[in-house]
1. What tally of residues in region 242-270 results from selecting those that are more than 24 Å from residue 148 (Cβ to Cβ), at pLDDT 80 or above and either in a loop (DSSP other than H, G, I, E, B) or touching a helix residue (DSSP H, G or I) at 6+ places or on another chain (Cβ under 7 Å) (or both)?
2. Taking residue 106 as meeting all but one of (1) in contact (Cβ under 8 Å) with a residue 40 or more places away in the chain; (2) part of a helix (DSSP H, G or I); (3) within 23 Å of residue 72 (Cα to Cα); (4) touching a helix residue (DSSP H, G or I) at 6+ places or on another chain (Cβ under 6 Å), write down the number of the exception.
3. Run residue 96 past the list (1) under 24 Å from residue 51 (Cβ atoms); (2) in contact with a strand residue (DSSP E or B) (Cβ under 9 Å, 6 or more places away or on another chain); (3) surrounded by 18 or more Cβ atoms within 10 Å (Cβ to Cβ) and report the number of the one that doesn't hold.
4. Return the residues of region 55-77 that are under 24 Å from residue 10 (Cβ atoms) and touching a strand residue (DSSP E or B) at 6+ places or on another chain (Cβ under 9 Å); say none if nothing qualifies.
5. Under the condition of being part of a helix (DSSP H, G or I) and closer than 14 Å to residue 285 by Cα, which residue from region 141-154 is farthest from the chain's Cα centre (by Cα)?
6. Of the residues 160, 146, which is in contact with a strand residue (DSSP E or B) (Cβ under 6 Å, 6 or more places away or on another chain), buried (at least 19 other Cβ atoms within 10 Å of the Cβ) and modelled with pLDDT under 90?
7. Go through region 279-312 and count every residue that is in a loop (DSSP other than H, G, I, E, B) and either at pLDDT 85 or above or within 16 Å of the chain's Cα centre (by Cα) (or both).
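The values are calculated or read from the model by the stated rules, or taken from the named source; none is laboratory data. Please read these numbers as outputs of a predicted model, since none were measured by experiment. Methodologically, a virtual Cβ is constructed for each residue, glycine included, from the backbone with ideal geometry; neighbour enumeration extends over all protein chains shown.
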């Protein structure tokens, strides 16, 4: 766009496709002059931002979602004390304002909210839903606190690329009479390959050196974007040591169970130490997930969890590779009484058998025993019977009853 508000034909075509019905048909000059002072324009009305927003020019050489920080009273005072610029110079040579400071996740969510307010006024429903989808995606990332400055910058870059893809799809649809731009909002998901690759690269870098969380530099980052810092809830993982490095050895990471989408199981979730995330399915790391493995875990994982994380949770002992079983027999009182009765019955049968044997021996010798003799016990001292020996030794007490028994003695 030049000083006379002259746009290239492709820019005009894209603008007409995504413009709101109330503003469609306006000249570029009238349109720019209106949204420069509109109430829905809550960001810094820099000419380079306004000219690129006319045809939704996001991407590497265009706008970033972080350009749409809220232009509140504090930012207005800072701008008033800074060097003045020509607010009506819409030449293509005017460069975008540089993004300074280190953004936090609150800055990104606020910027997408400001952009969404503008879209609700000046763009059609498809464009509004696209920005709303990006804002909802950023808000859901609050469950994965804390985010480092590098991660927030990468996330903002990825969101800007998504909006740039929307504009390219609009150009394609204009030339080919299609509607591919309506499906661009589907890319705002964690399963997007570009986002997964960026986060994987950042996680690999974090293993080599510490990355400080966004919460520590939040006042500085918000001051650079104007206004007061956004508040973020404190978490137990907000210290540099908790998010700077993953301490899982390679041999453990290779055997950690995975879900169907490829995410690894969070070992803290299945350990006594626990995971800082309060979600039942999501971890603070985007490449990890909270789920209980269906099969027994590998002994390597078991040893790592035992040594580093205090062992498995008490309700997950079934995941051990070896389950010890209690082989001791549990005896009840009824069982003991039954066993005692059985033993007593066997003793009575044995005693009756011995008594019958004595009677048979005396009968064979022709001895008439007193009627009380069969009831005498062998341990009474009056009769001694040595089991396993084929002889009967009589005490003197009984010799008077059987003087002729010596004939049968050995």
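1. Residues in region 242-270 being more than 24 Å from residue 148 (Cβ to Cβ), at pLDDT 80 or above and either in a loop (DSSP other than H, G, I, E, B) or touching a helix residue (DSSP H, G or I) at 6+ places or on another chain (Cβ under 7 Å) (or both): 2 in total.
2. It fails just one condition, (4).
3. Looking at each condition in turn, residue 96 falls short on (3).
4. Step one: of region 55-77, the residues under 24 Å from residue 10 (Cβ atoms) are 55-65, 67-68.
56, 57, 64, 65, 67, 68, listed by residue number.
5. 152
6. 146
7. Total satisfying the criteria: 16.
This table checks each residue for (1) modelled with pLDDT under 90; (2) closer than 26 Å to residue 153 by Cα.
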position: 87; (1), (2): yes, no
position: 97; (1), (2): yes, yes
position: 107; (1), (2): no, yes
position: 114; (1), (2): no, yes
position: 117; (1), (2): no, yes
